[in-house]
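Okay, handing you the structure first.
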Amino acid sequence: MNKYDFDKQLKRLPSAVFYKWAVPIANAFIPLLPKGLARHKVTYVHGKAGNIGFHTLRPKRTTNSSLPCLFYMHGGGFAYKQTFVHYKLEQVYCTDAPCIVFSVDYPVLPKATYPTEIDAAVHCYKYMADNAERLSIDITRIVIGGDSAGGNL
């Protein structure tokens, strides 16, 4: 850490107890939170690309057979799973664009370490591109985005 002149506050790392106990406990309760999706506006489908989970949101009020796609990765400091906040953001993107939102549930800390998250994102992108016709995605109109840690990916 001496190679760069960091502020002393940035040199503090969370304790091992935090990563070993607090994060997994928080992640255990996140699925219990309400997703907050308006089922009359979007269609939610969960899937797996190998052993990596993903879900898609598709607007219900569309006549197009294939739509543009937002390949989305959620935030959470690489430690937390998706929450209802992310689902609501995805719904806004899906209905206002309108587009299909393909969201990756990449592995998180403490079990997943760098570059596991990147590998998961690349794997899911390849899966999405290979299955674009089945997923009703217009392969010529894909954008990649995310927030916080997902934006970093």
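The values are calculated or read from the model by the stated rules, or taken from the named source; none is laboratory data. Keep in mind the model is a prediction, meaning the values are calculated, not measured. As a convention, Cβ positions derive from the backbone with ideal geometry for all residues, glycine included, and neighbour counts pool all protein chains shown. We work out accessible area using only protein heavy atoms, side chains counted, and drop any ligands, DNA or RNA first. Shrake-Rupley method; radii C 1.70, N 1.55, O 1.52, S 1.80 Å.
Which residue, of 114, 72, is among the aromatic types (Phe, Trp, Tyr), under 29 Å from residue 20 (Cα atoms) and either open to solvent by less than 10 Å² (accessible area, probe 1.4 Å) or touching a Ser or Thr at 6+ places or on another chain (Cβ under 6 Å) (or both)?
Numbers: 114 fails: either open to solvent by less than 10 Å² (accessible area, probe 1.4 Å) or touching a Ser or Thr at 6+ places or on another chain (Cβ under 6 Å) (or both).
None of the others qualify; the one that does is 72.
Kindly indicate whether residue 49 is under 16 Å from the mean Cα position of the chain (by Cα), closer than 30 Å to residue 20 by Cβ and surrounded by fewer than 16 Cβ atoms within 10 Å (Cβ to Cβ).
Working: under 16 Å from the mean Cα position of the chain (by Cα): yes; closer than 30 Å to residue 20 by Cβ: yes; surrounded by fewer than 16 Cβ atoms within 10 Å (Cβ to Cβ): no.
Answer is no for this residue.
Taking into account only those residues within segment 76-111 that are open to solvent by 40 Å² or more (accessible area, probe 1.4 Å) and touching a strand residue (DSSP E or B) at 6+ places or on another chain (Cβ under 8 Å), which is modelled with the lowest pLDDT?
Only one residue tops the list, namely 81.
Filter segment 122-152 for residues that are open to solvent by less than 60 Å² (accessible area, probe 1.4 Å) and under 13 Å from residue 75 (Cα atoms) and give the result. Write out each step before concluding.
Taking segment 122-152 first, the residues open to solvent by less than 60 Å² (accessible area, probe 1.4 Å) are 124, 127-129, 131-132, 135-138, 142, 145-147, 149-151.
Across segment 122-152, the qualifying residues are 145, 146, 147, 149, 150, 151.
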